[in-house]
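Engineer: Okay, handing you the structure first.
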Amino acid sequence: YDPSFDTDDSAVPLAVRVFFKKRLFEFAGIATFIVLMTIGVALATWSVDDPSLNHALDRAAKNWLGYPGAVIADELMQFFGLGVLPLIAIPMAWAVRFVGHQGIARPARSIAAWLACSITFSAALSSLPAPPSWSLAAGLGGNAGDVFHNLFLMILALGLTGALAKI
């Protein structure tokens, strides 16, 4: 007796489990890609003049995704500013890995590093001067960037004194 499939003493053959695992990874990658592209389109067509939760207007949104896109884009820009770029770019790399049937190595640590990277990038952008054409009250890093940038400066001010603090 020589079966043409490997059962490895399970109710479901190994080939079937591998097949469904690969399809699940592909589905997760494509779904992640679609969500990120939708957020990207909302951000690309973001306008400070669109109605949102922070800006009540009695007109239609100019955002390509309508009012929901204007709300999502405005909230992300208010909170992260231009720091929203790593917020989208890193999961895009994960989506590519999923479509290639690979998982995320150490998912909990990867997600924590992704969030830390986004917030750190926002804080770094907040240290740069905003151009006169910048339409938000917060700096280039948004509200989160301003908060973490000021927190970092406060911690440095406690530890540095004298000539080193002036530098």
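Engineer: Mind giving me the nanometre distance, one decimal, between the label points for Ile34 and Ala89, set 7 Å out from Cα along Cα→Cβ?
Structural biologist: 2.7 nm
Engineer: Follow-up. Once you charge only the Cβ atoms, +1 for Lys and Arg and -1 for Asp and Glu, what is the size of the charge dipole of segment 5-129 about its Cα centre, to the nearest 20 debye? Display every interim value, and only then the final one.
Structural biologist: Details: 9 positive and 9 negative charges, 64 e Å.
In debye, rounded to 20, segment 5-129 gives about 300.
Engineer: Quick check: residue separation of Ile104 and Leu24 times 0.36 nm, minus the Cα distance between them. What number comes out in nm?
Structural biologist: Values: separation 80, 0.36 × 80 = 28.80 nm, distance 1.37 nm.
Residue separation times 0.36 nm, minus the Cα-Cα distance, leaves 27.4 nm.
Engineer: Now a separate question. Which label marks the calculated value of semi-axes √(5λ) of the Cα gyration tensor in Å, given the options [x] 43, 26, 10; [y] 56, 30, 15; [z] 20, 19, 18?
Structural biologist: After the calculation, the listed value that fits is [x].
Engineer: From largest accessible area down, sort Ser135, Ser47; use a 1.4 Å probe on the protein chains. Show your work: numbers first, answer last.
Structural biologist: Working: Ser135 65, Ser47 30 Å².
Result of the area sort, largest leading: Ser135, Ser47.
Engineer: Summarise the accessible area of the chain (1.4 Å probe, protein heavy atoms) by the percent that is carbon and sulfur.
Structural biologist: Details: 7710 of 10950 Å².
Whole-percent figure for carbon plus sulfur exposure: 70.
Engineer: Along segment 48-57, what does the Karplus equation 6.51 cos²θ - 1.76 cosθ + 1.60 (θ = phi - 60°) give for ³J(HN,Hα), rounded to whole Hz, x for Gly and Pro?
Structural biologist: Each residue's phi maps through the Karplus curve to give 5, 8, 7, x, 7, 5, 9, 9, 7, 9 Hz.
Engineer: Multiply the residue separation of His55 and Lys166 by 0.36 nm, subtract the distance between their alpha-carbon atoms, and state the gained length in nm to one decimal.
Structural biologist: 36.0 nm
Engineer: Then there is this: For a label point 7 angstrom out from the Cα of Val96 toward its Cβ, which stretches of segment 19-35 have the backbone nitrogen within less than 17 Å?
Structural biologist: Residues passing the 17 Å test: 26, 29-35.
Engineer: Mind checking the per residue accessible area of the chain for me, 1.4 Å probe, whole number of Å²? Walk me through the numbers on the way to the answer.
Structural biologist: Values: 10950 Å² over 167 residues.
Result: 66 Å² per residue.
Engineer: Once phi is turned into θ = phi - 60°, what whole-Hz ³J(HN,Hα) does the Karplus curve with 6.51, -1.76 and 1.60 give for every residue of segment 137-145, x standing for Gly and Pro?
Structural biologist: After applying 6.51 cos²θ - 1.76 cosθ + 1.60, I find 5, 6, x, 4, x, x, 5, 4, x Hz.
Engineer: Next question, about the same structure. Averaged across orientations, what area in nm² does the convex hull of the alpha carbons in segment 39-100 project?
Structural biologist: On the way: hull surface 17.3 nm².
Over all viewing directions, segment 39-100 projects a mean Cα-hull area of 4.3 nm².
Engineer: For a protection proxy built on the mean count of beta-carbon atoms within 10 angstrom, sort 91-101, 63-73 highest first, please.
Structural biologist: Numbers: 91-101: 16.1, 63-73: 18.7.
So the order, starting with the most tightly packed, is 63-73, 91-101.
Engineer: Return the sequence-ordered ³J(HN,Hα) values of segment 25-38 in whole Hz as given by the Karplus equation 6.51 cos²θ - 1.76 cosθ + 1.60 applied to θ = phi - 60°, using x for Gly and Pro.
Structural biologist: Karplus values, whole Hz, x for Gly and Pro: 4, 4, 4, 4, x, 5, 5, 4, 4, 5, 4, 5, 5, 5.
Engineer: Now, a different point. Compute the length gained on full extension between Ala44 and Ala137: take 0.36 nm times their separation in residues and subtract their Cα-Cα distance, giving the result in nm to one decimal.
Structural biologist: Values: separation 93, 0.36 × 93 = 33.48 nm, distance 1.95 nm.
Between Ala44 and Ala137, full extension yields an extra 31.5 nm.
The values are calculated or read from the model by the stated rules, or taken from the named source; none is laboratory data. Since the structure is predicted, the reported quantities are computational estimates derived from the model, not experimental observations. Positions of Cβ are generated from backbone atoms using ideal geometry, with glycine treated the same way; all protein chains shown enter the neighbour counts. Keep in mind that these areas ignore ligands, DNA and RNA; they rest on the heavy atoms of the full protein, side chains included. Shrake-Rupley method; radii C 1.70, N 1.55, O 1.52, S 1.80 Å.
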